[in-house]
1. All but one of (1) among the β-branched types (Val, Ile, Thr); (2) crowded, with 22+ Cβ neighbours inside 10 Å; (3) without any contact (Cβ under 8 Å) to a residue 24 or more places away in the chain hold for VAL18; which doesn't?
2. Counting just the residues of the range 273-315 that are modelled with pLDDT of 65 or more and over 29 Å from MET132 (Cβ atoms), which one comes out least open to solvent (accessible area, probe 1.4 Å)?
3. Residues in the range 46-60: is at least one open to solvent by less than 50 Å² (accessible area, probe 1.4 Å), over 16 Å from THR30 (Cα atoms) and part of a loop (DSSP other than H, G, I, E, B)?
4. Look through VAL84, VAL77 and report the one residue that is closer than 21 Å to ALA177 by Cβ, open to solvent by 10 Å² or more (accessible area, probe 1.4 Å) and either part of a helix (DSSP H, G or I) or at pLDDT 85 or above (or both).
5. Need a quick list: helices (runs of 4 or more DSSP H) entirely within the range 171-271 having at least 1 residues that are open to solvent by 30 Å² or more (accessible area, probe 1.4 Å).
6. Could you check the range 71-106 and list, in sequence order, the residues that are out of contact with any Asp or Glu (no Cβ under 9 Å at 6 or more places or on another chain) and of a type in the set (S, T, N, Q)?
7. Return the pairs, sorted by first residue and then second, in which the second residue is acidic (Asp, Glu) and open to solvent by less than 10 Å² (accessible area, probe 1.4 Å), the first residue lies in the range 21-34 and is at negative phi, the beta carbons are less than 7 Å apart, and the residues are 6+ apart or on different chains.
8. Test VAL105 against the criterion of being surrounded by fewer than 24 Cβ atoms within 10 Å (Cβ to Cβ), on the phi < 0 side of the Ramachandran plot, part of a helix (DSSP H, G or I) and under 13 Å from the mean Cα position of the chain (by Cα), and give yes or no.
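The values are calculated or read from the model by the stated rules, or taken from the named source; none is laboratory data. In this text the structure is predicted, and so the values were computed from the model without any measurement. All Cβ positions, glycine included, derive from the backbone under ideal geometry; neighbour counts span all protein chains shown. Accessible surface areas use protein heavy atoms only, side chains included; no ligands, DNA or RNA. Shrake-Rupley method; radii C 1.70, N 1.55, O 1.52, S 1.80 Å.
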Amino acid sequence: MKPAAGSANAPLWGALCVVAASVLWGTTGTAATFAPSVSPLAVGAVAMGIGGLLQALYATNAMTGQWPGLLDRWRLVALGAAAVAVYPLAFYSSMRLSGVAVGTVVSIGSAPVAAALIERFADGKHLTRRWMAGALLGVSGAALLSFAGHAPAGSPGGSWTSLAGIALGLLAGATYALYSWAAHRLIGGGLSSRAAMGAVFGLGGLLLMPVLAVTGRPLVESWVNFSVGAYMALVPMFAGYVLFGWGLARIRASTATGISLLETVVAAGLAVLVVGERLPPHGWLGAAVVLFSLFVLTPGRSARGPLRSPSSPGKKLAQQQAGAQPHE
């Protein structure tokens with residue numbers, strides 16, 4: 001049972017929800033390698049598109065009950081949905097061009113920096129020393145992992161292909177940070193995590209349906225391809241983002257994106273164990289540094305200011321001060 005957003009343990013439980021989501025997300029790159037005939041655009045569209053529609057279905061009652069609040073914040077919902085639609089297309093294309101380890105590391109490793117910049121300029125939030133230390137460690141470890149990786153064997157274009165993959169990874173990191181921030185702002189404005197995530201991901205899923213219609217034929221041409229698509233939509237994308245939504249209700253977006261650096265370690269480990277990619281010693285050092293950064297980034301029991309539950313007496317105050325709560 002997840003604790004209420006206002007309980008003393010809420011920040012810690014929120015961080016643990018993000019950790020669990022990150023582990024699930026870390027399996028997506030390796031899963032995609034089992035369907036090499038499916039384009040990265042189709043993989044991204046089926047994973048986030050179907051997963052997003054399932055989020056909306058799961059949140060139907062919550063969205064219906066909080067529809068006026070969603071309409072009042074339609075610009076924020078639309079911004080988050082656009083980021084949701086772009087993210088998987090850039091992310092899976094990045095992994096196809098530069099390899100599972102490098103694509104994941106660049107995409108997820110750049111997200112905490114993007115999230116911090118968004119919070120600083122959009123919300124005026126100051127970054128704590130603890131967060132800066134943890135993020136610096138995490139990004140440094142992610143960079144070590146990135147330099148340790150290489151483009152997949154047989155990929156055309158050599159270094160240019162890898163550079164294109166890294167550029168797409170940076171785009172993925174920026175859009176990941178953007179939809180995390182948008183969802184966090186919606187939750188901070190008094191909406192439940194279920195309603196906020198359902199609206200943002202449901203609309204984002206709808207935006208991905210045309211891409212799936214154009215590119216998705218290989219997904220139904222074999223049971224393996226179909227199984228890969230179904231797994232990615234149901235497990236890491238649907239279940240993972242339910243967990244992520246619970247986490248965003250309890251910790252700030254920059255903390256959540258920092259903790260999700262764990263995904264890079266899971267992805268790199270599976271790339272080595274399952275896909276057959278190799279990591280030199282400094283790659284494993286990078287993985288260890290990322291893991292250590294989690295202990296710095298994860299809020300403790302005494303962390304301040306978990307978001308108020310939408311059903312709490314302070315709902316109106318939370319709506320007036322959306323996004324302004326301090327968090328460790």
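1. (3)
2. The qualifying residue least open to solvent (accessible area, probe 1.4 Å) is GLU277.
3. Yes, because at least one residue in the range 46-60 is open to solvent by less than 50 Å² (accessible area, probe 1.4 Å), over 16 Å from THR30 (Cα atoms) and part of a loop (DSSP other than H, G, I, E, B).
4. Every option except VAL77 fails the conditions.
5. 193-215, 223-232, 240-248, 262-270
6. Listed by number, the residues that qualify are SER93, SER94, SER98.
7. Correct list of pairs: SER22/GLU263; TRP25/GLU263; GLY26/GLU263.
8. For VAL105, the condition - surrounded by fewer than 24 Cβ atoms within 10 Å (Cβ to Cβ), on the phi < 0 side of the Ramachandran plot, part of a helix (DSSP H, G or I) and under 13 Å from the mean Cα position of the chain (by Cα) - is not met.
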